[in-house]
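K.L.:
Structure incoming, see below.
The values are calculated or read from the model by the stated rules, or taken from the named source; none is laboratory data. Model, not experiment: these values are computed from the prediction. Positions of Cβ are backbone-derived with ideal geometry, glycine not excepted, and every protein chain shown enters the neighbour counts.
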Amino acid sequence: MVGTGGPVATFSVWDYVVFAGTILGAAGIGLFQAIRGRKQTSSEEFLLGGRQMTAVPVAMSLTASFMSGITVIGTPSEAYLYGASFWLFGFSHAIMSTLTAEIFVPLFYRLQITSAYEYLELRFNRTIRVIGTSVYISQTALYTGLVIYAPALALNQITGLDLWGVLVATGSVCIIYCTLGGLKAVIWTDVLQMVIMLTGFVAVIARGAVVQRGLANIWEDARLGGRLEAFDFDPDPLKRHTFWTITIGGSMMWASIYAINQSQVQRYISCKTLGHAKMSLYLNMVGLWVTVSLAVLSGLTMYSIYKNCDPFTNGDVNTTDQLLPYLVMDILAAYPGIPGLFVAAAYSGTLSTVSSSINALVAVTVEDFILPVSKNLTQKQKTWINMGLSVFFGALCIGMAGIASLMGSVLQAAFSIFGMISGPLLGLYLLGMLFRTANPIGGLTGVILSLVLTLWVGIGGQIYPPTTAKTNPLPVSTAGCNNTHQYNTTTVAPWTSPVTLQPEVRPPLADTLYSLSYLYISLLGVLTTVVGGLLVSTATGGCKQKKLNSNLFVRKSDLMCFRWNSKSKASEKAQTDSPHFHTEANKSGFAHHDWAKEDVVKVTKL
């Protein structure tokens, strides 16, 4: 009987057919783009789609890139355990989209860069650019490993397939279409995968509504279980989720993902006009709202079904991240092919994120490390380097999945990674874009101090998880289980790994600094970089040594949402076609910008 615990069905033949067909379809798009663009083999075509993409597919790709298998599996479990507060991320998405579209997109688009970290050399120096790129590569490899691990858990739970076999298969499919098709293949595959992800959520919600006899009953069960009390205005920064941690801390965390992360920057600068680039961010905001809403509603549906028999406490699943796959097989096994569609949804989210990460890692490696020292490469050599790096980074990400498997809840672990590493980098960009006083010494000092602090706090939080008084998990019950197993007593809190034991002795910092909400880690990184960078810059003479180009800073004219009239379009085209912004990649080996002589940036060395 549904919702009463115990073993559930496994994959049928039709489930395997649906799942395999989806994966082959994704790989087929890569092959199609490779054949279609076989005469367009330039590095810009491979990495940026020839800068001719339009807003809608780019927006769907932006959404799919980080609405990965982590979202498909992790967000419903989050709503099941903690309630609908995750819906408040809609405010964060709105703030992030506006900040990115109105400040970062115009600047990056104006400079016509390929690697987001080119800006750091233009504004500061090459040393800071190399550090930024190196930090990004480390973060992305670990995050992508986590993304690969998430659906492998789902497949292992509901199909019994070998965990590492699934991990290798995931990476291999991504390697195929990234290597052959480049960014166009990644974007158009993301569009397909976004549709599949949303369809998977709808299938779970629709069947759950039938089982529970209507969405009204699901909503009422969630209300009685305290799952709808989303607005908590407690200013305590140690509480895991409140209105303030989600809107303020969450906005900074999401901005660190969308504003400066190469896999996202690479998408919106591939648009053919600035208007399309900005529009893609706002459409992406709507896509995030829809995706998160369906994911949270899936979690509330799961709670309604299991309100009297929690599968995790009952021992039916090993981790909370397996709750949704368990639900799928519990309520949808009678419909051959539908469980396969759900797994395809989780898998599609993974494919989109992994492919995005691989393509971005190739872009920054080529632009920031290879071309500056190998300036005479032929176009054919560049193409082979791009393809070879795709294979290398795909293999690296598969290896990192093993490390990611030790990090507990996939959703919180993913956000923590971005907070610890991307937060300091976001602060470095804001320091350079908003403050003319900032110099290379200040920027380098600020970002190093920030990385040390955020890694200290973040890793401390992993070793000494916050107590339930700060995480506030909502109650679950096993009173209605037919076959109650021995309770799972190995976990400290519902979001931690089953193998993570609570240390017997907790240092004083464990309940203060280490218990800081994971959403505030990114904000901590931003503030440390900016404040530390400004103080050191001021102490070392500011920017008196060089004349700064105004195009490296945020301008008032950037803060216009769209430019649809013909005059604006003509102005935009003249701006990007002007020699003032012309990229001489063929001459220099990487993107230097030929600015007017009276406005040249004289970069000083540390």
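K.L.:
Please go through region 213-234 and pick out each residue that is in contact with a Gly (Cβ under 9 Å, 6 or more places away or on another chain) and either assigned to a helix (DSSP H, G or I) or surrounded by 15 or more Cβ atoms within 10 Å (Cβ to Cβ) (or both).
P.N.:
Filtering region 213-234 down to residues in contact with a Gly (Cβ under 9 Å, 6 or more places away or on another chain) leaves 215, 218, 222, 225-230.
Once the filter is applied, which keeps residues that are in contact with a Gly (Cβ under 9 Å, 6 or more places away or on another chain) and either assigned to a helix (DSSP H, G or I) or surrounded by 15 or more Cβ atoms within 10 Å (Cβ to Cβ) (or both), region 213-234 yields 215, 218, 222, 225, 227, 228, 230.
K.L.:
Just the residues that are of a type in the set (D, E, K, R), part of a helix (DSSP H, G or I) and modelled with pLDDT under 75, please, taken from region 9-45.
P.N.:
Residues of region 9-45 that are of a type in the set (D, E, K, R), as a first pass: 15, 36, 38-39, 44-45.
Checking the rest, the ones that are also part of a helix (DSSP H, G or I) come to 15, 36, 44-45.
Scanning region 9-45 gives 36, 44, 45.
K.L.:
Next up: Can you tell me how many residues in region 354-381 are part of a helix (DSSP H, G or I), farther than 25 Å from residue 139 by Cα and either at pLDDT 80 or above or of a type in the set (Lys, Arg) (or both)? Let's see the steps before the verdict.
P.N.:
Initially, region 354-381 is screened for residues part of a helix (DSSP H, G or I), giving 354-370, 379-381.
From what's left, farther than 25 Å from residue 139 by Cα: 379-381.
Narrowing the set further to residues that are either at pLDDT 80 or above or of a type in the set (Lys, Arg) (or both) leaves 380-381.
Here the count works out to 2.
K.L.:
Evaluate region 276-290: report whether one residue or more is closer than 28 Å to residue 20 by Cβ and either of a type outside the set (Asp, Glu) or in a loop (DSSP other than H, G, I, E, B) (or both). Reasoning before the result, please.
P.N.:
Initial filter on region 276-290 (closer than 28 Å to residue 20 by Cβ): 287, 290.
After this cut, where a residue has to be either of a type outside the set (Asp, Glu) or in a loop (DSSP other than H, G, I, E, B) (or both) as well, the list is 287, 290.
Looking for residues that are closer than 28 Å to residue 20 by Cβ and either of a type outside the set (Asp, Glu) or in a loop (DSSP other than H, G, I, E, B) (or both), one finds at least one in region 276-290, hence yes.
K.L.:
Moving on to the next point. Please identify the pairs in which a residue from region 504-523 that is under 27 Å from residue 426 (Cα atoms) has its Cβ atom under 7 Å from the Cβ atom of a residue that is aliphatic (A, V, I, L, M) and part of a loop (DSSP other than H, G, I, E, B), counting only partners at least 6 apart or on another chain.
P.N.:
515/238; 516/238; 517/238
K.L.:
Next question, about the same structure. Filtering region 177-233 down to residues that are modelled with pLDDT of 75 or more and among the basic types (Lys, Arg), which residue is farthest from residue 28 (Cα to Cα)? Steps first, please.
P.N.:
Narrowing region 177-233 to residues modelled with pLDDT of 75 or more: 194-233.
Filter once more, so that each one left must be among the basic types (Lys, Arg): 207, 213, 223, 227.
Details: 207: 31, 213: 40, 223: 45, 227: 42 Å.
By that ranking, first place goes to 223.
K.L.:
How many residues are within 16 Å of the chain's Cα centre (by Cα) and not β-branched (Val, Ile, Thr) if we restrict to region 239-260?
P.N.:
Total meeting the criteria: 10.
K.L.:
Of the numbered conditions (1) within 19 Å of residue 418 (Cα to Cα); (2) of a type outside the set (Ser, Thr, Tyr); (3) surrounded by fewer than 23 Cβ atoms within 10 Å (Cβ to Cβ); (4) in contact with a Phe, Trp or Tyr (Cβ under 8 Å, 6 or more places away or on another chain), residue 249 satisfies every one except a single condition; which is it?
P.N.:
(3)
K.L.:
Also, I was wondering about something else. So, in region 324-340, how many residues would count as being buried (at least 24 other Cβ atoms within 10 Å of the Cβ) and either within 26 Å of the chain's Cα centre (by Cα) or not in a helix (DSSP H, G or I) (or both)?
P.N.:
6
K.L.:
Hey, any hits in region 489-503 for a residue that's at pLDDT 60 or above, out of contact with any helix residue (DSSP H, G or I) (no Cβ under 8 Å at 6 or more places or on another chain) and either at negative phi or small (Gly, Ala, Ser) (or both)? Show your work before the answer.
P.N.:
Residues of region 489-503 that are at pLDDT 60 or above, as a first pass: none.
No, that holds for no residue.
K.L.:
With the requirement that a residue be under 19 Å from residue 457 (Cα atoms) and among the polar types (S, T, N, Q), what does region 225-250 give you?
P.N.:
Step one: list which residues in region 225-250 are under 19 Å from residue 457 (Cα atoms), which gives 236-241, 245-246, 248-250.
The one that is under 19 Å from residue 457 (Cα atoms) and among the polar types (S, T, N, Q): 245.
K.L.:
Please go through region 420-451 and give me each residue that is over 18 Å from residue 259 (Cα atoms) and touching a Pro at 6+ places or on another chain (Cβ under 9 Å), ordered by number.
P.N.:
Listed by number, the residues that qualify are 446, 448, 449, 450, 451.
K.L.:
Still on this structure, I have one more. If you take the residues in region 292-309 that are of a type in the set (Val, Ile, Thr) and more than 14 Å from the chain's Cα centre (by Cα), which one is farthest from residue 73 (Cα to Cα)?
P.N.:
Just the residues of region 292-309 that are of a type in the set (Val, Ile, Thr), to begin with: 292, 296, 301, 305.
Still in the list and also more than 14 Å from the chain's Cα centre (by Cα): 296, 301, 305.
Numbers: 296: 11, 301: 14, 305: 17 Å.
Restricting to residues being of a type in the set (Val, Ile, Thr) and more than 14 Å from the chain's Cα centre (by Cα), the top hit is 305.
K.L.:
Here's something else I'd like to know. So, restricting to helices (runs of 4 or more DSSP H) that lie completely within region 52-128, which ones have at least 2 residues that are β-branched (Val, Ile, Thr)?
P.N.:
Details: elements: 55-66, 69-82, 89-99, 105-111, 118-123.
Ranges flagged: 55-66, 69-82, 89-99.
K.L.:
May I ask you to list the residues in region 84-109 that are within 30 Å of residue 313 (Cβ to Cβ) and in contact with an Asp or Glu (Cβ under 6 Å, 6 or more places away or on another chain)?
P.N.:
Residue satisfying the conditions is 86 alone.
K.L.:
Among (1) at pLDDT below 85; (2) of a type outside the set (D, E, K, R); (3) under 21 Å from residue 261 (Cα atoms); (4) buried (at least 23 other Cβ atoms within 10 Å of the Cβ), where does residue 417 come up short?
P.N.:
Evaluating residue 417 over (1) at pLDDT below 85; (2) of a type outside the set (D, E, K, R); (3) under 21 Å from residue 261 (Cα atoms); (4) buried (at least 23 other Cβ atoms within 10 Å of the Cβ) leaves (4) as the failure.
K.L.:
Please go through region 108-121 and give me each residue that is of a type in the set (A, V, I, L, M, F, W, C) and modelled with pLDDT under 90, ordered by number.
P.N.:
From region 108-121, those of a type in the set (A, V, I, L, M, F, W, C) are 108, 111, 113, 116, 120; that's our starting set.
Hits for region 108-121 are 108, 111, 113, 116.
K.L.:
Sticking with this one: Let me confirm something: among 137, 95, which residue is of a type in the set (Val, Ile, Thr), touching a Ser or Thr at 6+ places or on another chain (Cβ under 8 Å) and modelled with pLDDT of 90 or more? Talk me through it step by step, then tell me what you get.
P.N.:
Working: 137 fails: modelled with pLDDT of 90 or more.
When all the criteria are applied, what remains is 95.
K.L.:
Sticking with this one: Just the residues that are within 17 Å of the chain's Cα centre (by Cα), small (Gly, Ala, Ser) and surrounded by fewer than 23 Cβ atoms within 10 Å (Cβ to Cβ), please, taken from region 261-288.
P.N.:
Correct list: 287 only.
K.L.:
Residue 299 fails exactly one of the following numbered conditions: (1) surrounded by fewer than 24 Cβ atoms within 10 Å (Cβ to Cβ); (2) in a helix (DSSP H, G or I). What is the number of that condition?
P.N.:
Of everything listed in (1) surrounded by fewer than 24 Cβ atoms within 10 Å (Cβ to Cβ); (2) in a helix (DSSP H, G or I), residue 299 misses just condition (1).
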